[in-house]
Amino acid sequence: MMLIPTHHFRDIERKPEYLQPEKCAPPPYPGPAGTMWFIRDGCGIACAIVTWFLVLYAEFVVLFVMLIPSRDYVYSIINGILFNLLAFLALASHCRAMLTDPGAVPKGNATKEFIESLQLKPGQVVYKCPKCCSIKPDRAHHCSVCKRCIRKMDHHCPWVNNCVGENNQKYFVLFTMYIALISLHALIMVGFHFLHCFEEDWTKCSYFSPPTTVILLILLCFEGLLFLIFTSVMFGTQVHSICTDETGIEQLKKEERRWAKKTKWMNLKAVFGHPFSLGWASPFATPDHGKADPSQYVV
């Protein structure tokens, strides 16, 4: 079988018989509707657990070190509701990003029947992934961790134990945004609490001993600053990628643009849903990406 090398790092076959579909196993029997998507990767699972632990640690310090001991009940109630709401949305976004199929291409679909169904014309090009034996849609890339080709794959993120792709990019963007917001909120509250403790008796501004209080606040301050910087940069990178309609992998590989250029607003609506609404900020609102078009497999 002759392969035509390209700078896209893909196997390009110009005739269906060159794909040798007889060497591909039939597609696996599809699971029941609504089957949960979950990647069994040890590193990713550990990172996801650490993410939840850090959010819950921040929750513990905010509530039991700063807000509950405070005698200003209005301050405690307002900041408690705001912080818990943002933390809930952050963890909900994390779950949706982790448990949503990012846009996986069916394994083993490089069969004779599927290739014939594409009705290839002379000169048309199809892309084959030799690792998962599938016909790649345009702009799909193979993930070595998920062991699948992912449509519009941006990158594989161990913190959500999943790829960021066509179907879950919205949830990943919301996750980074809400983590950045709770980090900023926690840092502001830590600053006010330190000022309060310096002005008052340290034994009255917390239920814990002064050394324990200082250690807990410093750890939260370090965590908040670190994740504020990290998630803010990631959020900005993702928004820029969406607005330019160019994934992280496409930017890294400097792939030639073969898709129609749209406005930034149209690109945002393609990820977050049509039309603009409060659902854009909700991890529970599922954007409509439409069904896969067989024509996307050929160029």
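Among the numbered criteria (1) in contact with a strand residue (DSSP E or B) (Cβ under 7 Å, 6 or more places away or on another chain); (2) closer than 17 Å to residue 175 by Cα, which one does residue 99 miss?
Condition not satisfied by residue 99: (1).
Pull up segment 52-109, narrow it to residues that are more than 30 Å from residue 148 (Cα to Cα) and of a type in the set (Asp, Glu), then point me to the one that is nearest to the chain's Cα centre (by Cα).
Applying the filter and picking the extreme gives 59.
For residues that are farther than 21 Å from residue 194 by Cβ and without any contact (Cβ under 8 Å) to a residue 40 or more places away in the chain, scanning just segment 51-76, find the one that is most open to solvent (accessible area, probe 1.4 Å).
53
Of the numbered conditions (1) β-branched (Val, Ile, Thr); (2) surrounded by fewer than 16 Cβ atoms within 10 Å (Cβ to Cβ); (3) assigned to a loop (DSSP other than H, G, I, E, B), residue 39 satisfies every one except a single condition; which is it?
(2)
Regarding segment 118-126, can at least one residue be identified that is crowded, with 21+ Cβ neighbours inside 10 Å and assigned to a strand (DSSP E or B)?
The answer is yes; a qualifying residue exists.
Any residue at all in segment 69-76 that is part of a helix (DSSP H, G or I) and either among the hydrophobic types (A, V, I, L, M, F, W, C) or closer than 18 Å to residue 156 by Cα (or both)?
The answer is yes; a qualifying residue exists.
For segment 158-178, what are the residues that are assigned to a strand (DSSP E or B) and either aromatic (Phe, Trp, Tyr) or without any contact (Cβ under 8 Å) to a residue 24 or more places away in the chain (or both)?
Within segment 158-178, none qualify.
Out of the residues in segment 217-264 that are in contact (Cβ under 8 Å) with a residue 12 or more places away in the chain and among the aromatic types (Phe, Trp, Tyr), state the one that is surrounded by the fewest Cβ atoms within 10 Å (Cβ to Cβ).
The residue in question is 259.
Being under 20 Å from residue 141 (Cβ atoms) and open to solvent by 80 Å² or more (accessible area, probe 1.4 Å), is that true of even one residue in segment 182-197?
No, segment 182-197 contains no residue that is under 20 Å from residue 141 (Cβ atoms) and open to solvent by 80 Å² or more (accessible area, probe 1.4 Å).
Give the residues of segment 77-94 that are without any contact (Cβ under 8 Å) to a residue 60 or more places away in the chain and either open to solvent by 20 Å² or more (accessible area, probe 1.4 Å) or in contact with a His (Cβ under 8 Å, 6 or more places away or on another chain) (or both), sorted by residue number.
77, 78, 81, 84, 85, 88, 91
Does residue 103 satisfy the condition of being of a type outside the set (Asp, Glu), touching a residue at least 12 places away in the same chain (Cβ under 8 Å) and surrounded by fewer than 19 Cβ atoms within 10 Å (Cβ to Cβ)?
no
Go through 204, 131 for me and flag whichever is open to solvent by 10 Å² or more (accessible area, probe 1.4 Å), touching a His at 6+ places or on another chain (Cβ under 9 Å) and not polar (S, T, N, Q).
So the residue among 204, 131 that is open to solvent by 10 Å² or more (accessible area, probe 1.4 Å), touching a His at 6+ places or on another chain (Cβ under 9 Å) and not polar (S, T, N, Q) is 131.
As an exercise: evaluate residue 29 against (1) of a type in the set (Phe, Trp, Tyr); (2) at pLDDT below 50; (3) surrounded by 12 or more Cβ atoms within 10 Å (Cβ to Cβ) and give the number of the one condition it does not meet.
Result: residue 29 passes all but (3).
Do you know which residues across segment 134-151 are open to solvent by less than 10 Å² (accessible area, probe 1.4 Å), part of a strand (DSSP E or B) and modelled with pLDDT under 85?
134, 135 - these are the residues of segment 134-151 that are open to solvent by less than 10 Å² (accessible area, probe 1.4 Å), part of a strand (DSSP E or B) and modelled with pLDDT under 85.
The values are calculated or read from the model by the stated rules, or taken from the named source; none is laboratory data. Keep in mind the model is a prediction, meaning the values are calculated, not measured. Positions of Cβ are generated from backbone atoms using ideal geometry, with glycine treated the same way; all protein chains shown enter the neighbour counts. Side chains are part of the model used for accessible areas, which takes the heavy atoms of the whole protein and leaves out ligands, DNA and RNA. Shrake-Rupley method; radii C 1.70, N 1.55, O 1.52, S 1.80 Å.
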